[in-house]
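Here is the structure we will look at.
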Amino acid sequence: MFRFLRWLPLLLLLPPPGSPEPPGLAPLSAGAPPQAPDLLYADGLRAYAAGAWAPAVALLREALRSRAALGRARRDCAARCAAEPGAAFPALLPASPGPDSGPGAARGAWEPLLLRAALRRAECLTQCGARRLGPGGAARLRVGRALQDAFRRREPYNYLQRAYYQLKKLDLAAAAAHTFFVANPTHLQMREDMAKYRRMSGVRPQSFRDLETPPYWAAYDTGLELLGHQEAALAVPCLEEALQESLAQVESCRAGCEGPEEQQRAEEEAEGTGSQGGLYEAIAGHWIGVLQCRQRCVGDTATRPGRSFPVPDFLPSQLRRLHEAHAQGQWGKVGNLSQAVENVLSVLLFYPEDEAARKALDQYQAQLGDPRRGLGPREDIRRFVLRSLGEKRQLYYAVEHLGASFKDPDPWTPAAFIPEALREKLREDLEKRPWDHEPPQPKPLTHWKDVLLLEGVTLTQDARQLNGSERAVLDGLLTPAECGVLLQLAKDAAESGARSGYQGRRSPHTPHERFEGLTVLKAAQLARAGTVGSQGAQLLLEASERVRSLTQAYFSPDRTLHLSFTHLVCRSAIEGEQAQRMDLSHPVHADNCVLDPDTGECWREPPAYTYRDYSGLLYLNDDFQGGDLFFTEPNALTVTAQVRPRCGRLVAFSSGVENPHGVWAVTRGRRCSLALWHTWAPEHGEQEWTEAKELLQEPEKEEGEGMPSRDPAPEPPSHRLQRVQDKAGKPPRVREEL
């Protein structure tokens, strides 16, 4: 009863069951100071675990809003206090100390001004924080690192989508699911949930909206698309909005660098290194941490949700697009060219020797005729570059003289700012060409045949015949009898109800097929339990090793390949759902990078499995319709080759952007294959393969002695959450899957 009363105020703020809810997450309690996000989040998870869906929604939404309000308050207070009289830091500080500089003179010149300004700034921030956030200000609402990571991964939306679903608010459930999925595109359970929502009649297409992604990404993408269609006049406002919002996001991030979380992080790092120092060492250490955080803000701003690496040269690339758009514009030509000049001059602030920018500048000036006064780089970009260079100078000084660490995120940093010793190391790092960039060329066919000594294996098609690079089709890796054994293994595992992978549910890639997967370890466990035949589990190991050996001998004879993952996969057409079907069994993708068909680029970063170097598909049957493998150009549209599955046929290829591939729809029957991925990195080797081999080699045990039982069905989220909470004595950790 008391628990319900505790949640009642927030519950009353929810709209009635039938009423529309505004898009996004509008404030529930306008004007009230935000509450502690960590406490709200913990209470929300407890309500979720108890099945109290409405209070869980209210608490989780309030946690998201409080965190957003905290960020806005810090940004606004930082901007206000920076302009406060007496709180501005001295405009000129002495250069890096040299042998001729006297410590007394430098100290007397600037130290009182700096410390007085720091005290005044601290007073202003404290008062502003108390007004905006209540007593205690930002320090009272400090968010721990673990909770920051949870919010960064958008885990509250994982809970919200389930709670909204239980409350029959399907549109909001779809929006929450979509928001989580954008940042977690490899989350398989959410992928299935998304497909489920799309099939529901009560969910509108516009419900799949992202509630978290900053607006500058939409403006940026729209601007690039319009510019690509030669719609420069329409592209300019979008690109300008994207740039302004990107700079605002950078400022918001920089304000967070001065918050108590960064101070706590610096203190933890200082404790970890065991560093001891006095006042000035502590000031320097904290200031270095703030500068490092500020320098990371551009990269954070340039990183799309769900990606781990930023868009390269994000700000300079936006300026390049802007000056191109202004030059192409048809309205107010002189004004357009003047703005084109401002933007190209801004590019030259980053890259003074950029030939393309210099050539464009000469062209614009020639079209304008007489030089116009006041034409220079954009003021916002000029301030940004000067400030960033000043911070880099201090950081490199700390690296050289104080032993600090700094990984410069910007390729445009002038070489003069980098100490000579570091310049040499950076040059050496750039000159090292990893195998990832230069994969070894395949040896002549006599070489791989001699190495492998596999009778009956023939090369059916090489890369030239497949119209690509680093791809091949080989036949004869399995006999028809061996294919039958593996097909029976897949069938027995499916009928046992102890499947791994997607457990016979609808495929995550299409609602018109069922998908079943079996790993080598699961097969070994089932064989030990007597559920499937041990012959099939043993052959699964042997076949995967055959594929690995052949792939290494053909593509990488001078460097060892390790199995990274092995999966026996069957796709079955769902009867009655194949008429006028237009989708694919597996959309076009690359195996170690995130393919962007619009640009033809492939980002080698998570969520892609970046450590995968070669892929293989060993087919087990051909008694089905559709299901052919095909390769495309990076645009994912132009098909370059197609391969029909058959028993014992291996299609092997490198895993990068050079080999985008997909699978045509399986419209009748069941298609089974052994999917394998290989890596040069031994640390990413498949540990389950070794465990499965050891398990199959162990002598049989008496019944009841250590026999593995079938995996139970996943526990309801509430049970799992409650157990974690009871065991740790802390608020439950955010659940990975629903």
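So that you can scan it fast, the table gives a plain yes or no per residue for (1) open to solvent by 50 Å² or more (accessible area, probe 1.4 Å); (2) over 26 Å from Ala692 (Cβ atoms); (3) within 35 Å of the chain's Cα centre (by Cα); (4) at pLDDT below 90:
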{"position": "Asn467", "(1), (2), (3), (4)": "yes, yes, yes, no"}
{"position": "Ala472", "(1), (2), (3), (4)": "no, yes, yes, no"}
{"position": "Ala481", "(1), (2), (3), (4)": "yes, no, no, no"}
{"position": "Pro511", "(1), (2), (3), (4)": "no, yes, yes, yes"}
{"position": "Thr519", "(1), (2), (3), (4)": "no, no, yes, no"}
{"position": "Ala527", "(1), (2), (3), (4)": "no, no, no, no"}
{"position": "Thr531", "(1), (2), (3), (4)": "no, no, no, no"}
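Could you check, for the range 613-622, whether at least one of its residues is touching a Phe, Trp or Tyr at 6+ places or on another chain (Cβ under 7 Å), surrounded by 23 or more Cβ atoms within 10 Å (Cβ to Cβ), part of a loop (DSSP other than H, G, I, E, B) and among the charged types (D, E, K, R)? Before you say what the answer is, go through the steps one by one.
First pass over the range 613-622, keeping only residues touching a Phe, Trp or Tyr at 6+ places or on another chain (Cβ under 7 Å): 613-615.
Subsequent filtering for residues that are surrounded by 23 or more Cβ atoms within 10 Å (Cβ to Cβ) retains 613-615.
If we keep only those that are part of a loop (DSSP other than H, G, I, E, B) as well, we get 613.
Now drop any that are not among the charged types (D, E, K, R), which leaves 613.
The answer is yes; a qualifying residue exists.
Quick check on this structure: which one of Tyr157, Tyr216 is within 30 Å of Leu125 (Cα to Cα), under 23 Å from the mean Cα position of the chain (by Cα) and either assigned to a helix (DSSP H, G or I) or at pLDDT below 85 (or both)? Show your work before the answer.
On the way: Tyr157 fails: within 30 Å of Leu125 (Cα to Cα).
The unique qualifying residue is Tyr216.
So, Tyr197, is that one among the hydroxyl-bearing types (Ser, Thr, Tyr), open to solvent by less than 80 Å² (accessible area, probe 1.4 Å) and either more than 27 Å from Arg162 (Cβ to Cβ) or assigned to a loop (DSSP other than H, G, I, E, B) (or both) or not?
no
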The one condition in (1) under 18 Å from Asp354 (Cβ atoms); (2) at pLDDT below 90; (3) part of a loop (DSSP other than H, G, I, E, B) that Trp412 fails to fulfil: (2)
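Conditions tested, residue by residue: (1) modelled with pLDDT of 85 or more; (2) out of contact with any strand residue (DSSP E or B) (no Cβ under 9 Å at 6 or more places or on another chain); (3) crowded, with 18+ Cβ neighbours inside 10 Å.
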| site | (1), (2), (3) |
| --- | --- |
| Ile283 | no, yes, no |
| Thr303 | yes, yes, no |
| Asn336 | no, yes, yes |
| Ala340 | yes, yes, yes |
Residues that are in a strand (DSSP E or B) and either farther than 26 Å from Arg514 by Cβ or modelled with pLDDT under 90 (or both), drawn from the range 640-666: Thr640, Ala641, Ala652, Phe653, Ser654
Some residue of the range 555-576 being part of a helix (DSSP H, G or I) and either within 23 Å of Gln461 (Cβ to Cβ) or in contact (Cβ under 8 Å) with a residue 60 or more places away in the chain (or both): yes
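Can you tell me which residue among Trp677, Trp689 is closer than 23 Å to Ala523 by Cα, assigned to a strand (DSSP E or B) and either among the aromatic types (Phe, Trp, Tyr) or in contact with a Pro (Cβ under 8 Å, 6 or more places away or on another chain) (or both)?
Details: Trp689 fails: assigned to a strand (DSSP E or B).
Residue meeting the stated conditions: Trp677.
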Failed item in (1) closer than 21 Å to Thr213 by Cα; (2) touching a helix residue (DSSP H, G or I) at 6+ places or on another chain (Cβ under 7 Å); (3) surrounded by fewer than 22 Cβ atoms within 10 Å (Cβ to Cβ), with Ala174 passing the rest: (3)
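Can you say whether Leu125 is open to solvent by 50 Å² or more (accessible area, probe 1.4 Å), assigned to a helix (DSSP H, G or I) and closer than 30 Å to Cys77 by Cα, as far as the supplied structure shows? If you could, list the steps in order and put the result at the bottom.
Numbers: open to solvent by 50 Å² or more (accessible area, probe 1.4 Å): yes; assigned to a helix (DSSP H, G or I): yes; closer than 30 Å to Cys77 by Cα: yes.
Judged against the criteria, Leu125 is a match.
The values are calculated or read from the model by the stated rules, or taken from the named source; none is laboratory data. Keep in mind that this is a model prediction, so the values were computed, not measured. Please note: Cβ atoms are built from the backbone with ideal geometry, for glycine as well, and neighbour counts cover all protein chains shown. Note: areas computed on protein heavy atoms with side chains; ligands, DNA, RNA excluded. Shrake-Rupley method; radii C 1.70, N 1.55, O 1.52, S 1.80 Å.
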